[in-house]
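First the structure, in the form of structure tokens, and then the observations on it.
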Amino acid sequence: MLNVALPKGRLGEKVYAMFEAAGYPCPSIYEENRKLIFENEEAGVRYFWVKPSDVAIYVERGAADIGVAGKDILLEYEPDIYELLDLDIGKCKMAVAAPVGFRDNTQKTLRVATKFSNIAKAYYDSKGRDIDIIHLNGSIEIAPILKLSDVIVDIVETGTTLKENNLEVIEDVVPISARLIANKTSFKFKTEEIENIVRNLK
Amino acid sequence: MNNILKKYQEYGYTQYKMSKFEEYDLYVKNKDFLISDNIITFTDLSGKLMALKPDVTLSIIKNSDDDANSVSKVYYDENVYRVTKGSQGFKEIRQIGLECFGKVDDYCLLEVLALATKTLGAISDDYKLDVSNLTIISDILDECDVSTKVRNEILRLMGQKNIHELEAVLTKENVEPKKAEILLELTKTYGDKETVIPKLEALLPGNEGVAQLRKLLFALDDNNVQIDFSVVNDVHYYNGITFNGFVNGVADSVLSGGQYDNMMTRLKRKSKAVGFALYVSMLEDLLFESSEYDVDVALLYDEDADLSALCDAANALRADGQTVLVETALPKAIRAKRVMKFKGKGIIEDA
């Protein structure tokens, strides 16, 4: 039996559809209820919904053998796992955005508001730029408007939210998509099962 | 754990006992070799800055003879103090392990690998030891002419079995297609020696690193040992043969080790070295099965109980192999499988 952690929400539903098409269905998942764990003994899978940012933790600690997490989460938390497949869905990018017409004054420390402190730090470290990270948990877009920060580092899908707040992308940091990850120990002891899933999902 | 230590003694290893403290200076000079930068320090009575050991290996090397003609073999069972990933503070971590210094040859490597499998086998029958030969990978990377940053990135991706991103990096960095193909193939190749070694020999004909893997793993002949090139942990620490051990039921590798000649060179030593450590703290869940009860029997006596009769009654139950707690009343936090009352001269009844 493989334990599979899926991210709750729209992405998770798409991911489940991929697993279903790959031969790992679990029809009870469509029942309208508040259950979080679904099992199909025949197909040898047990799915559970968890908060997207927690998928990596479930997998790293072995509560889930495999799971699907956004690359943003993997870069931010750097879990010690195997990253087996780029599922090519949930595509977006991590980018630096600033108010339209922003000029980066390199004489002073750049103030960066973000949910992804680790990614922002690594990105600016690689450029040798001194920054002040302001860690926020949501509504990042208003930080530059209220002069809390100069720029933001955030996920950009369509860019609509940015446009509505008079912001624009000034630099791309890294492309993001959903990845299939596996716990290292699980991979050792359930190699074949995991390899089969990877093959069927490709 | 004692049977593991006994195993090391059987192989002629002697125990290396050390102090909890070490001069901080040792770690400043060798920061690169430490897993975490955080060290607990304090000033001793003479004003010297001391540290609570974050690592065992450095201390053992420091105090060992630099003899390149024979091998000195030691084992240890020590606590180290580190900040582990995700924890908010320092942790005391128990490590059991062994080190060999000196003329480390293939026999010595074989013996260390065998002891690693015996260590894992003593914990669980369901274990796996992943073995890699970093020489194979670093020889190819040396020929690839990439910056240290890219090199580390490639190794990191190999460690994650992240083929899709590895492919992208190799293309982006214009790594010669033939070399890139080999690196990708090495990442995809893992499993038992019978399948993997012939594949490697076809991929890298005449390669000495592959020949060494063949020699060692066929001599070791343990079906729980696999070849896996994702074992790239700490490349500035390890070189050559490296390995990670897993037991079913523990989420992360519980044993890791390998050759660390680079580190010896950096410490200005002529001799070579190999060793491994078992992270005992990680085995807690596996070793201590949570029992439903604290004691088998709680024997409650009243004030007029005859003391010697009470002791006899408790001892009789203990002789039966049961754990017996003798009290006047059962403490709130204790869960007993069976609660019995002792009255007067020996009337025992279930409460």
For the stretch A:159-197, how many residues meet the condition of being part of a strand (DSSP E or B), of a type in the set (Val, Ile, Thr) and within 11 Å of chain B (Cβ to nearest Cβ)?
2
If you go through the stretch B:69-102 one residue at a time, how many are surrounded by 15 or more Cβ atoms within 10 Å (Cβ to Cβ) and farther than 30 Å from residue B:38 by Cβ?
4
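Does residue B:131 qualify as being under 20 Å from residue B:57 (Cβ atoms), more than 13 Å from the chain's Cα centre (by Cα) and surrounded by 17 or more Cβ atoms within 10 Å (Cβ to Cβ)?
Judged against the criteria, residue B:131 is a match.
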Can you tell me which of (1) assigned to a loop (DSSP other than H, G, I, E, B); (2) closer than 30 Å to residue A:202 by Cα; (3) away from every other protein chain (no Cβ under 14 Å) is the one residue B:136 doesn't meet?
(1)
Working only within the stretch A:26-46, note down all residues that are in contact with a Cys (Cβ under 9 Å, 6 or more places away or on another chain) and of a type in the set (D, E, K, R).
A:39, A:46
For residue B:321, indicate whether it is surrounded by fewer than 17 Cβ atoms within 10 Å (Cβ to Cβ), outside the structural domain of residue B:91 (by TED's automatic domain parsing) and more than 30 Å from residue A:58 (Cα to Cα).
yes
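Kindly check whether there is at least one residue in the stretch B:188-196 that is away from every other protein chain (no Cβ under 14 Å), hydrophobic (A, V, I, L, M, F, W, C) and part of a helix (DSSP H, G or I).
Restricting attention to the stretch B:188-196, the residues satisfying the condition of being away from every other protein chain (no Cβ under 14 Å) are B:193-194.
Pick out the ones that are also hydrophobic (A, V, I, L, M, F, W, C) and you get none.
Scanning the stretch B:188-196, I find no residue that is away from every other protein chain (no Cβ under 14 Å), hydrophobic (A, V, I, L, M, F, W, C) and part of a helix (DSSP H, G or I), so the answer is no.
Every residue, every condition in (1) within 14 Å of chain B (Cβ to nearest Cβ); (2) under 23 Å from residue A:120 (Cα atoms); (3) out of contact with any helix residue (DSSP H, G or I) (no Cβ under 6 Å at 6 or more places or on another chain); (4) at pLDDT below 90, yes or no:
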residue: A:23; (1), (2), (3), (4): no, no, no, no
residue: A:36; (1), (2), (3), (4): no, no, yes, yes
residue: A:46; (1), (2), (3), (4): no, no, yes, no
residue: A:61; (1), (2), (3), (4): yes, no, yes, no
residue: A:67; (1), (2), (3), (4): yes, no, no, no
Check the stretch B:285-296 and report whether any residue there is in a strand (DSSP E or B), away from chain A (no Cβ under 14 Å), farther than 24 Å from residue B:163 by Cβ and more than 21 Å from the chain's Cα centre (by Cα).
yes
Residue list for the stretch B:17-38, filter: under 12 Å from residue B:56 (Cβ atoms) and modelled with pLDDT under 75
B:33, B:34, B:35
Of all residues in the stretch A:134-149 being surrounded by fewer than 17 Cβ atoms within 10 Å (Cβ to Cβ) and part of a helix (DSSP H, G or I), the one that is nearest to the chain's Cα centre (by Cα):
A:142
Report whether or not residue B:112 is part of a helix (DSSP H, G or I), free of Cβ contacts under 8 Å to residues at least 24 places away in the same chain and of a type in the set (A, V, I, L, M).
no
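Does the stretch A:106-127 contain any residue that is free of Cβ contacts under 8 Å to residues at least 24 places away in the same chain, surrounded by 14 or more Cβ atoms within 10 Å (Cβ to Cβ) and more than 14 Å from every other protein chain (Cβ to nearest Cβ)?
Looking through the stretch A:106-127, at least one residue is free of Cβ contacts under 8 Å to residues at least 24 places away in the same chain, surrounded by 14 or more Cβ atoms within 10 Å (Cβ to Cβ) and more than 14 Å from every other protein chain (Cβ to nearest Cβ).
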Within 20 Å of residue B:282 (Cα to Cα) and hydroxyl-bearing (Ser, Thr, Tyr), is that true of residue A:58?
yes
When you scan the stretch B:160-183, do you find a residue that is loosely packed, with under 15 Cβ neighbours inside 10 Å, within 12 Å of chain A (Cβ to nearest Cβ), within 19 Å of residue B:227 (Cα to Cα) and not polar (S, T, N, Q), even just one?
no
Looking at the stretch B:208-227, can you tell me whether even one residue there is surrounded by fewer than 20 Cβ atoms within 10 Å (Cβ to Cβ), more than 13 Å from every other protein chain (Cβ to nearest Cβ) and either within 25 Å of residue B:32 (Cα to Cα) or under 17 Å from the mean Cα position of the chain (by Cα) (or both)?
no
Looking across the stretch B:106-128 at residues that are closer than 15 Å to residue B:274 by Cβ and not hydrophobic (A, V, I, L, M, F, W, C), the single one that is farthest from the other protein chains (Cβ to nearest Cβ) is B:107
Of all the residues that make up the stretch B:235-271, how many are under 17 Å from residue B:33 (Cα atoms) and either in contact with a Pro (Cβ under 9 Å, 6 or more places away or on another chain) or more than 14 Å from chain A (Cβ to nearest Cβ) (or both)?
20
Given the structure, is residue B:340 free of Cβ contacts under 8 Å to residues at least 60 places away in the same chain, hydrophobic (A, V, I, L, M, F, W, C), within 14 Å of chain A (Cβ to nearest Cβ) and outside any loop (DSSP other than H, G, I, E, B)?
no
Just checking, how many residues over the stretch A:1-42 are in a loop (DSSP other than H, G, I, E, B) and without any contact (Cβ under 8 Å) to a residue 60 or more places away in the chain?
13
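The values are calculated or read from the model by the stated rules, or taken from the named source; none is laboratory data. Since we're looking at a predicted model, the values are computed, not measured. Glycine gets a Cβ as well: all are built from the backbone with ideal geometry, and neighbour counts include every protein chain shown.
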